[in-house]
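Student: One structure is given below, represented as structure tokens, and several questions about it will come after.
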Amino acid sequence: MAPSMPDWPPTREPLIRRVMTAFRKMHGLGNDFVVFDARNGSFALDETAASAIADRRLGIGCDQVIVIERSVNGADAAMRIFNADGDEVESCGNAARCVARLLLGEKDTTAVSIDTMGGRLVCTDAAGDAVTVDMGEPRLDWQDIPLSHRIDTRDFPLDIDGRLFNASAVSVGNPHCVLFVANAERAPVAEVGARIETHPLFPARTNVEFASVTTRQRLRMRVWERGVGITRACGTGACATAVAAQRRGLADRRVEIVLDGGVLGIEWREADNRILMTGGATLAYTGEIDFAALEPRP
């Protein structure tokens with residue numbers, strides 16, 4: 001009797017199916033996000049997990065992690081924002097456009113509202129992939145930014161290691177320090193931005209913009225984002241720069257801000273003091289992630 005042949009391929013134990021969580025990878029002018037939709041279920045995301053997801057070598061990689069939730073205050077949705085270092089922050093204009101683009105398509109409407117820690121944002125379809133976000137009124141009092149002590153937020157000198165910078169401070173739901181320089185292309189964004197982010201003047205840390213005026217309708221801006229570093233674009237930073245430039249008499253109320261990733265249109269309306277930001281929002285791809293396999297960021 002011939003010997004029995006082994007099964008081929010060999011029988012294996014069934015693999016355990018990991019619990020996978022869907023995400024979208026999106027960006028606004030290259031400022032990129034991993035977006036999770038938690039409106040239909042519980043979703044626990046802490047600083048460690050957010051930082052691991054944002055890691056460009058060990059995770060998915062992004063500037064911020066975004067979680068869409070149900071609003072408890074009557075908006076179409078709520079948005080939580082985690083910087084690449086894991087800190088949860090108040091506002092992100094580029095992410096608002098991305099979330100709004102999803103909601104506008106889902107609801108087949110021309111306007112949606114999004115609640116954030118920095119306040120409610122009303123977003124409208126601006127044709128193509130563009131979205132206009134009503135960012136609300138800028139906060140210009142030193143206590144509202146916040147700063148550590150009273151100062152003229154329109155124009156003040158800031159000494160960084162013996163180098164004197166011409167600065168303004170603005171809050172657009174999150175703090176910004178805007179530096180006006182001769183040439184933003186050659187500004188020491190990494191070196192000086194990191195130092196100002198943690199400067200004692202800014203108890204909640206700050207985003208830092210380096211801006212140069214091209215014309216009264218056009219400014220060049222580069223940015224160091226709080227908890228992230230250099231990014232290709234920052235929506236709230238563009239808004240803060242436009243406001244700071246107009247307060248100083250350097251620009252009109254409607255301007256284009258040229259960032260590393262592209263151009264944003266900003267209008268600071270005189271009639272109601274509100275800031276409107278218009279720019280693109282792009283879906284790069286969709287995927288799934290196994291939270292249990294995430295490696296903590298070193």
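Student: In debye, nearest 20: dipole of the chain around its Cα centre with unit charges on the Cβ of K, R (+) and D, E (-)? Please list the in-between numbers first.
Tutor: On the way: 34 positive and 41 negative charges, 110 e Å.
Here the size comes out at about 520 debye.
Student: Compute the acute angle (0 to 90°) between the alpha-carbon long axis of helix 235-247 and the principal axis of greatest extent of the alpha-carbon atoms of the chain; round to the nearest 10°.
Tutor: Roughly 0 degrees, rounded to the nearest 10.
Student: State the answer as a single residue: which of Val223, Ser113, Ala75 lies farthest towards the positive end of the charge dipole of the chain, with beta carbon charges of +1 for Lys and Arg and -1 for Asp and Glu, about the Cα centre.
Tutor: Val223
Student: Please work out the Kirkwood hydrodynamic radius for the range 23-93, using every pair of different C-alpha atoms, and report it in angstroms with one decimal place.
Tutor: Mean inverse Cα-Cα distance, inverted, gives 12.3 Å.
Student: Here's something else I'd like to know. For the range 132-219, what does the convex hull of the Cα positions come to per residue, in cubic angstrom? It would help to have the intermediate numbers written out before the result.
Tutor: Working: hull volume 10.1 nm³, N = 88.
Residue-normalised Cα hull volume stands at 114 Å³.
Student: On full extension of the chain, what length is gained from Glu88 through Gln217, given 0.36 nm per residue of separation minus the C-alpha to C-alpha distance?
Tutor: Extending this stretch completely gives an extra 43.1 nm.
Student: For the chain, build the charge dipole from Cβ charges (+1 Lys, Arg; -1 Asp, Glu) around the Cα centre, then report which of Ala38, Thr286, Ala238 sits farthest towards its positive end.
Tutor: Farthest along the dipole direction, towards plus: Ala238.
Student: A further question follows. Relative contact order, percent, of the chain when contacts are C-alpha pairs under 8 Å separated by at least 6 residues?
Tutor: Numbers: 716 pairs, mean separation 61.1, N = 298.
Relative contact order of the chain: 21 percent.
Student: Amide H neighbours of Ala78 under 5 Å, at least 5 residues apart or on other chains, H built in the peptide plane: list them.
Tutor: Sorted by chain and number, the residues that satisfy this are Glu69, Arg70, Ser71, Asp115.
Student: When the Debye formula is applied to the Cα atoms of the range 100-178, each taken as the same point scatterer, what base-10 log of I(q)/I(0) results at q = 0.18, 0.23, 0.25 Å⁻¹?
Tutor: -0.77, -0.98, -1.09
Student: Considering the convex hull of the alpha carbon atoms of the chain, report its projected area averaged over all viewing directions, in nm², one decimal.
Tutor: Taking the Cα atoms of the chain, their convex hull projects to 20.8 nm² on average.
Student: Here is a follow-up. Roughly how many percent of the accessible protein surface of the range 207-293 is carbon and sulfur, given a 1.4 Å probe and a whole-percent answer?
Tutor: After summing per-atom areas, the C and S share lands at 47 percent.
Student: Another question, if that's okay. Given an 8 Å cut-off on Cα distances and at least 6 residues of separation, report the relative contact order of the range 153-244 as a percent.
Tutor: 26
Student: Still on this structure: At a 1.4 Å probe, what is the % contribution of carbon and sulfur to the accessible area of the range 65-125?
Tutor: C and S fraction of accessible area: 44 percent.
Student: Sticking with this structure for a sec: In nm, to one decimal, how far is the modelled label at Asp141 from the one at Met117, with both set 7 Å along Cα→Cβ?
Tutor: It works out to 2.2 nm between the two label points.
Student: On to the next question. Over the range 110-212, give the accessible area per residue in Å² for a 1.4 Å probe, as an integer. Present the calculation step by step, with values, prior to reporting the outcome.
Tutor: Working: 4380 Å² over 103 residues.
With all protein chains present, the range 110-212 gives 43 Å² per residue.
The values are calculated or read from the model by the stated rules, or taken from the named source; none is laboratory data. Remember, predicted model here, so these are calculated numbers, not experimental data. Because the Cβ atoms are built from the backbone with ideal geometry, glycine has one as well, and the counts that use them run over all protein chains shown. Surface accessibility is based on the protein's heavy atoms, side chains included, excluding ligands, DNA and RNA. Shrake-Rupley method; radii C 1.70, N 1.55, O 1.52, S 1.80 Å.
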